[in-house]
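Trainee: What follows is a single structure, and I will ask about it in a moment.
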Amino acid sequence: MQVLGIETSCDETAIAIYDSKIGIISHCLYSQIGLHNQYGGVVPELASREHVLKVLPLVKKTLSDGKTDFSLLNAIAYTSGPGLMGALLVGSAIGRSLAYSLNIPAIGVHHMEAHLLAPMLEKNPPKYPFLALLVSGGHTQLVNVTSPGDFIILGETVDDAAGEAFDKTAKVLGLSYPGGPELSALAEKGDSKRFNFPRPMADRPGLDFSFSGLKTFTLNTFNSENINEQTKADIARAFVDAVVDTLTIKCRRAIHETGINQLVVAGGVSANKQLQHSLVNMIKKESGEVFFPRNEYCTDNGAMVAYTGYLRFKDGQNESLGFQVKPRWIIEDI
Ligand code: KG4
Ligand code: ZN
């Protein structure tokens with residue numbers, strides 16, 4: 001059985017094919033970073049137009065890389081939310097049209113559920129129930145995944161997402177969009193003892209997060225210092241340490257509150273090496289296990305969409321011809 005996955009929720013056009021016997025047989029990605037970089041962030045209309053140009057050529061390339069063909073596909077999965085309205089519409093319309101012309105089912109997939117399931121594509125996948133820390137450009141959530149498709153949100157950000165805070169802070173430090181990876185690399189050169197940034201909401205009970213104050217704290221520190229390369233690196237280090245520590249504190253708390261010590265970490269920020277290191281150390285002390293997707297499946301990709309679509313298809317999901325995208329879609333409502 002083969003399922004084609006189409007991801008167009010933001011600024012990556014990503015396509016993959018999941019084969020139920022082999023796993024992912026091919027995946028291709030076109031990143032629009034170069035296009036949006038000059039504007040310092042994603043321009044939604046430009047993103048939609050670029051997806052229109054890229055989806056079909058990438059579908060063809062993915063089929064040919066996987067040595068397969070349209071006629072061998074059993075279903076088409078596409079991201080139907082959450083994300084940018086226009087960008088979602090492009091992937092959904094193309095996915096549905098392709099499925100109609102091939103007379104196979106089309107399945108709309110939740111982007112964050114797909115992120116959360118990405119570690120299932122690895123050799124040692126997590127077993128239910130597990131906790132999931134979802135950290136992307138638009139989301140920061142702690143979720144209790146009780147069984148396949150059953151999600152309880154334990155906590156989430158009350159303002160900026162972790163990835164958004166990385167990107168905005170990177171901008172303050174003059175780094176280019178998207179700032180997460182660059183900020184993280186700069187922090188490696190920083191001295192962790194020079195500045196001490198707050199760990200927002202860590203001293204309050206509960207599992208919610210807040211990152212917008214940290215971004216302001218960075219800006220104020222930046223404005224009050226004589227800026228040179230080392231100071232920039234030290235500020236980056238203080239910011240990354242604060243985010244990583246805060247996320248780690250909340251994950252440990254969720255483990256204690258639920259008694260579940262299997263933790264999945266997914267979404268773009270899960271690619272962060274400092275975060276991975278900190279969570280691996282924490283989980284050892286909790287005698288649990290932490291699961292990350294491989295690097296290319298941490299950030300947006302088609303593999304996670306193809307795989308999630310395959311699970312839905314296997315369960316008999318088949319949607320009618322009409323479709324709806326959901327720019328805002330809570331994972332508990334799937
Ligand atoms: O999951 P993703 O690719 O797209 C969304 O669904 O939002 O996440 C993108 C976010 C961006 O904010 C980006 O800066 C951040 O993930 N990111 C990172 C790293 N790689 C990507 N943040 C910190 N460290 C990284 N290595
Ligand atoms: Zn994403």
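The values are calculated or read from the model by the stated rules, or taken from the named source; none is laboratory data. The structure displayed is predicted, hence computed values, not measured ones. Glycine gets a Cβ as well: all are built from the backbone with ideal geometry, and neighbour counts include every protein chain shown. Areas reflect the complete protein model, heavy atoms only, side chains present, ligands, DNA and RNA absent. Shrake-Rupley method; radii C 1.70, N 1.55, O 1.52, S 1.80 Å.
Trainee: What are the residues in the stretch 20-44 that are open to solvent by 20 Å² or more (accessible area, probe 1.4 Å) and closer than 27 Å to residue 1 by Cβ, if any?
Mentor: Residues satisfying the conditions are 20, 21, 22, 24, 25, 27, 29, 30.
Trainee: Something else about it: Just a yes or no: is a residue in the stretch 229-252 in a loop (DSSP other than H, G, I, E, B), out of contact with any Phe, Trp or Tyr (no Cβ under 7 Å at 6 or more places or on another chain) and more than 16 Å from ligand 1 (Cβ to nearest atom)? Spell out how you get there, then give the answer.
Mentor: Looking only at the stretch 229-252, we keep the residues that are in a loop (DSSP other than H, G, I, E, B), and these are none.
No, the conditions are met nowhere in the stretch 229-252.
Trainee: Just to verify a result, which residue in the stretch 287-303, among those that are without any contact (Cβ under 8 Å) to a residue 40 or more places away in the chain and among the polar types (S, T, N, Q), is nearest to residue 138 (Cα to Cα)?
Mentor: For the stretch 287-303, the residue satisfying everything is 295.
Trainee: Right, another one. Cβ-Cβ below 9 Å, separation at least six or inter-chain, first residue in the stretch 252-268 and open to solvent by 50 Å² or more (accessible area, probe 1.4 Å), second in a helix (DSSP H, G or I) and more than 16 Å from ligand 2 (Cβ to nearest atom): which pairs?
Mentor: 252/282; 252/283; 252/285
Trainee: Against the condition open to solvent by 10 Å² or more (accessible area, probe 1.4 Å) and either without any contact (Cβ under 8 Å) to a residue 40 or more places away in the chain or among the polar types (S, T, N, Q) (or both), how does residue 248 come out, does it pass? Talk me through it step by step, then tell me what you get.
Mentor: Working: open to solvent by 10 Å² or more (accessible area, probe 1.4 Å): no; either without any contact (Cβ under 8 Å) to a residue 40 or more places away in the chain or among the polar types (S, T, N, Q) (or both): yes.
No.
Trainee: Output the helices (runs of 4 or more DSSP H) that fall wholly within the stretch 70-187 and possess 2 or more residues being surrounded by 21 or more Cβ atoms within 10 Å (Cβ to Cβ) and outside the structural domain of residue 242 (by TED's automatic domain parsing), or say none. Full working, then the answer.
Mentor: On the way: elements: 85-102, 111-117, 162-172.
Passing ranges, in order: 85-102, 111-117.
Trainee: Hey, another quick one. Against the condition outside the structural domain of residue 165 (by TED's automatic domain parsing), open to solvent by less than 50 Å² (accessible area, probe 1.4 Å) and either closer than 14 Å to residue 109 by Cα or within 16 Å of ligand 2 (Cβ to nearest atom) (or both), how does residue 275 come out, does it pass?
Mentor: Numbers: outside the structural domain of residue 165 (by TED's automatic domain parsing): no; open to solvent by less than 50 Å² (accessible area, probe 1.4 Å): yes; either closer than 14 Å to residue 109 by Cα or within 16 Å of ligand 2 (Cβ to nearest atom) (or both): yes.
Here the answer is no, as residue 275 does not meet what is asked.
Trainee: May I pose another question? Filter the stretch 1-38 for residues that are among the hydroxyl-bearing types (Ser, Thr, Tyr) and within 14 Å of ligand 1 (Cβ to nearest atom) and give the result. Talk me through it step by step, then tell me what you get.
Mentor: From the stretch 1-38, those among the hydroxyl-bearing types (Ser, Thr, Tyr) are 8-9, 13, 18, 20, 26, 30-31; that's our starting set.
If the condition is that a residue be among the hydroxyl-bearing types (Ser, Thr, Tyr) and within 14 Å of ligand 1 (Cβ to nearest atom), then 8, 9, 13, 30, 31 are the ones that fit.
Trainee: Taking the condition surrounded by 22 or more Cβ atoms within 10 Å (Cβ to Cβ), away from ligand 2 (no atom under 16 Å from the Cβ) and outside any helix (DSSP H, G or I), does residue 321 pass? So that I can check it myself, show each step before the final result.
Mentor: Working: surrounded by 22 or more Cβ atoms within 10 Å (Cβ to Cβ): no; away from ligand 2 (no atom under 16 Å from the Cβ): yes; outside any helix (DSSP H, G or I): yes.
No, not satisfied.
Trainee: Could you tell me whether any residue of the stretch 122-135 is out of contact with any Leu (no Cβ under 8 Å at 6 or more places or on another chain) and within 13 Å of ligand 1 (Cβ to nearest atom)?
Mentor: Within the stretch 122-135, not a single residue is out of contact with any Leu (no Cβ under 8 Å at 6 or more places or on another chain) and within 13 Å of ligand 1 (Cβ to nearest atom).
Trainee: Answer yes or no: is there a residue in the stretch 45-65 that is surrounded by fewer than 20 Cβ atoms within 10 Å (Cβ to Cβ) and within 16 Å of ligand 2 (Cβ to nearest atom). Walk me through it before giving the result.
Mentor: Of all residues in the stretch 45-65, those surrounded by fewer than 20 Cβ atoms within 10 Å (Cβ to Cβ) come to 45-46, 48-49, 52-53, 56-57, 60-61, 64-65.
Among the residues that remain, those that are also within 16 Å of ligand 2 (Cβ to nearest atom) are: none.
No - not one qualifying residue is present in the stretch 45-65.
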